[in-house]
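The values are calculated or read from the model by the stated rules, or taken from the named source; none is laboratory data. As the structure is a prediction and not an experimental result, all values here were calculated from the model. Virtual Cβ from ideal backbone geometry, glycine too; neighbours counted across all protein chains shown.
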Amino acid sequence: MKSVLDWYPEMADAYDLLAVARNEGGSTPAAMQAELLKDSRWVGDEFTDTARAMHVGDIAPAQVHGNATLEQARSMAEDGIPVAPLPLPVTPPSQVN
């Protein structure tokens with residue numbers, strides 16, 4: 001967890017929100033997901049390609065989230081691309097009711 005916050009200090013508030021919600025039982029996982037990802041764009045299986053394109057400057061930087069295998073995430077981290085696991089499972093927008 002410390003390395004995630006070292007890379008993304010702006011996520012500290014989201015982690016705090018998750019901790020409070022878990023301790024108080026006052027928020028559903030869907031509400032926590034919505035708050036955590038409100039400024040991020042879902043890119044699904046294109047996550048690795050999108051993150052790499054942002055890293056080399058082919059597309060404008062933005063907060064994105066999506067799917068990556070452990071091997072893909074390790075490879076991106078080894079290449080200096082900031083990547084971190086989310087603290088809760090993410091439901092793709094097409095599957096949210």
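Summary of computed values
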{"read-out": "Subset of the range 61-87 (residues that are over 22 Å from Leu36 (Cβ atoms) and either loosely packed, with under 15 Cβ neighbours inside 10 Å or touching a residue at least 60 places away in the same chain (Cβ under 8 Å) (or both))", "value": "Glu71, Arg74, Glu78, Asp79, Gly80"}
{"read-out": "Residue among Val64, Val43 that alone is modelled with pLDDT of 90 or more and in contact with a Lys or Arg (Cβ under 7 Å, 6 or more places away or on another chain)", "value": "Val64"}
{"read-out": "Among (1) part of a loop (DSSP other than H, G, I, E, B); (2) among the charged types (D, E, K, R); (3) modelled with pLDDT of 90 or more - the single one Lys38 does not satisfy", "value": "(3)"}
